[in-house]
Amino acid sequence: MKFFADTADTDEIRDLADIGLLDGVTTNPSLVHKSGRDFKQVIAEICELVEGPVSAEVAATEFDSMVAEGRELAGIADNVTIKVPLTWDGLKACRVLSQGGTMVNVTLCFNANQALLAAKAGATFISPFIGRLDDIGLDGMELIEEIREIYDNYAFATEILAASIRSANHVKYAAMAGADVATVPPAVLKGLVKHPLTDKGLDAFLADWGKTGQKII
Ligand code: G3P
C-alpha cells in the first residue's frame, strides 16, 4: 500500500519525507486554505519535497475551465496530479487531461457507480471518502471493498486512493480491503508506529542491556 500525506503543510511533509515512508501528497481547497499559502507556490514546494504524485485540485466546475486550470497546474511540475470532482464536467475533464498524459485524481467519490465512471474516464486515482460516509452512518470501508471488486472484475488500472481517513483503523481496514493508496493526515500517519507494549518492551530491553555493562561500538 502506498502512503500519501493528506496536507498542504510543507513542514509536516518534510518531516514525513525524511522518514522515507512518503509516496505522495494530496491537497484540496480546504487544506490549501488551512495552509494560508499561495496555492501554486505551495504545490511547487511540495513537488520539490516529494517525488511521487502531488494532487492539486481545480477550482473550476465547468469542463473547459477545468481543463484550462488542470493544464496550468500540471505545468508546475511533472509529478502534479490534477484533482477533479466527481461530476460530468469533472469526468469529461479527466478524460481529456488523462489522454494528454496528465495524472488525474477523481475526488469526492461516495459510491461504487461513481468509481466505475471515473475508471472509464481514465482516472489515475479514485478518491472514495471513507470518513465522510462514516460521519452519516454509512460504511465507508464497504465502498473500498465494492470498488476493489469492480476494478478487479474489469482489470481497471485506476488506483483506489482511500481518502477522508481519520484513524489507524481506517488505514488497516483500507489495506485489508485492497486499497492501492491511503492518503492520511500527518498526525494519523505518525501515530501508526505507536504501541504502548512496544515502548514498554524497549524500555525493558534497554534497562537489561544497561545491566550487562557492555557496548556494541
Ligand atoms: O483528501 C480528502 C480529505 O482531505 C478529506 O478529509 O476529513 O475532510 O473528510 P476529511
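Computed from the coordinates by the stated procedures, all read-outs in this text should not be read as laboratory data. Here the structure is a predicted model, which means the values were calculated and not measured. Cβ sites come from the backbone with ideal geometry, for glycine too, and all protein chains shown count toward neighbours.
Within region 93-110, whose backbone N sits under 16 Å from a point 7 Å along Cα→Cβ of Lys2?
Answer for this model: 98, 101-107.
Once every DSSP H run of n ≥ 4 in the chain is given -39500 (n - 2.57) and the sum is divided by its residues, what mean residue ellipticity at 222 nm do you get, rounded to the nearest 500 deg cm²/dmol?
-16000 deg cm²/dmol
Kindly state, as a whole number, the per residue volume in cubic angstrom of the convex hull around the alpha carbon atoms of the chain.
151
Report the dimensions of region 15-124 along its three principal axes from the alpha-carbon atoms, largest first, rounded to Å.
38, 26, 26
Return one number: the angle in degrees, 0 to 90 and rounded to the nearest 10, between the long axis of the Cα atoms of helix 196-212 and the longest principal axis of the Cα atoms of the chain.
For 196-212 against the chain, the angle is about 30 degrees.
Longest segment of the chain with no GluC sites (Glu not before Pro) in a DSSP loop having at most 16 other Cβ atoms within 10 Å?
The segment 63-217 is the longest one with no such site.
What net charge do the residues around Val104 carry, taking every other residue with its C-beta under 9 Å from that of Val104, with Lys and Arg at +1 and Asp and Glu at -1?
+2
Quick one: net charge around Glu62, please, counting Lys, Arg +1 and Asp, Glu -1 for every other residue with C-beta under 14 Å from its C-beta.
Residues close to Glu62 contribute a combined charge of -2.
Simple spin-label model, 7 Å along Cα-to-Cβ: Arg14 to Lys211 in nm?
Taking the simple label geometry, Arg14 and Lys211 are separated by 4.4 nm.
Just how many pairs of Lys in the chain have C-alpha atoms closer than 26 Å, counting pairs that are eight or more places apart or on different chains?
Qualifying lysine pairs in the chain: 22.
Specify the residue with the greatest mean-square fluctuation among Ala182, Ala74, Ala56, computed from a Gaussian network of the chain linking alpha-carbon atoms under 10 Å apart.
Ala74
For a label point 7 Å from the Cα of Asn153 along Cα→C-beta, name the residues of region 70-94 whose backbone N is under 14 Å from it.
none
Below 8 Å, C-alpha to C-alpha, sequence gap of six or more: please give me the relative contact order for the chain in percent.
With pairs under 8 Å counted, the relative contact order is 17 percent.
Could you give the alpha-carbon Rg of region 114-217 over 2.2 N^0.38 Å, rounded to two decimals?
Details: Rg = 19.9 Å, N = 104, 2.2 N^0.38 = 12.8 Å.
For region 114-217, the normalised Cα radius of gyration comes out at 1.55.
Please get the size of the charge dipole for region 2-212, origin at its Cα centre, with Cβ charges of +1 on Lys and Arg and -1 on Asp and Glu, quoted in debye to the nearest 20.
The dipole of region 2-212 has a size of about 120 debye.
Which angle between 0 and 90 degrees, to the nearest 10, do you get for helix 39-49 versus the longest principal axis of the chain when only C-alpha atoms count?
Value to nearest ten degrees: 50.
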